[in-house]
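Enquirer: What follows is a single structure, and I will ask about it in a moment.
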Amino acid sequence: MNQCKVMKDGYLEKRSNGLLQLWKKKRCVLSEDGLRLYDCKGESSKEMRFEQMTTLDCVEYKRGLVYFTIVMNGGKEIDFRCQQEGTAWNAEIALALVRFKNRVAVQTGRNRHLSHLGSCGEGD
């Protein structure tokens, strides 16, 4: 993901998986391939690749914040929130996810078409 174009860089809050489910501030970098989350010190990161994501769901607006959920393959849900100003993170992530899925679909279609041409033999 390091070599992909950065589409958005800023801060989100991610809900922890623990018993208290606290909101933790993360520096996030959105690229063409996914979302990278850094801890507050910038020492460790977690990569959420679009190929592992199913959808972005549950967008809710409360008291100047946008709450949303990213659903991963296998059904795991990861909750986020951010300030409701400008173009919100949820919209940017959703658009990038759609673009990624479209790219994959086009490539799959091309590969299928080329495979079909090769198996039929163009000279027949």
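The values are calculated or read from the model by the stated rules, or taken from the named source; none is laboratory data. Small disclaimer: the values here were computed from a predicted structure and weren't measured. For neighbour counting, all protein chains shown are included, and Cβ atoms are generated from backbone atoms with ideal geometry for every residue, glycine included. These accessible areas exclude ligands, DNA and RNA; they are computed on the full protein's heavy atoms, side chains included. Shrake-Rupley method; radii C 1.70, N 1.55, O 1.52, S 1.80 Å.
Enquirer: Out of curiosity, is ASP57 in contact (Cβ under 8 Å) with a residue 24 or more places away in the chain, among the acidic types (Asp, Glu) and in contact with a Ser or Thr (Cβ under 6 Å, 6 or more places away or on another chain)?
Expert: no
Enquirer: For residues that are among the polar types (S, T, N, Q) and either modelled with pLDDT of 95 or more or open to solvent by less than 40 Å² (accessible area, probe 1.4 Å) (or both), tally how many sit in the range 83-101.
Expert: 1
Enquirer: Scan TYR67, TYR11 and give me the residue that is open to solvent by 40 Å² or more (accessible area, probe 1.4 Å), free of Cβ contacts under 8 Å to residues at least 24 places away in the same chain and in a strand (DSSP E or B).
Expert: TYR67
Enquirer: Run MET1 past the list (1) modelled with pLDDT of 95 or more; (2) open to solvent by 40 Å² or more (accessible area, probe 1.4 Å) and report the number of the one that doesn't hold.
Expert: All conditions pass for MET1, except number (1).
Enquirer: Out of all the residues in the range 14-37, which are open to solvent by 50 Å² or more (accessible area, probe 1.4 Å), outside any loop (DSSP other than H, G, I, E, B) and out of contact with any Cys (no Cβ under 7 Å at 6 or more places or on another chain)?
Expert: Across the range 14-37, the qualifying residues are ARG15, TRP23, LYS24, ARG27.
Enquirer: Given the options GLY74, GLY42, name the one that is open to solvent by less than 50 Å² (accessible area, probe 1.4 Å), farther than 14 Å from ASN90 by Cβ and among the small types (Gly, Ala, Ser).
Expert: Result: GLY42 is the single residue among GLY74, GLY42 that is open to solvent by less than 50 Å² (accessible area, probe 1.4 Å), farther than 14 Å from ASN90 by Cβ and among the small types (Gly, Ala, Ser).
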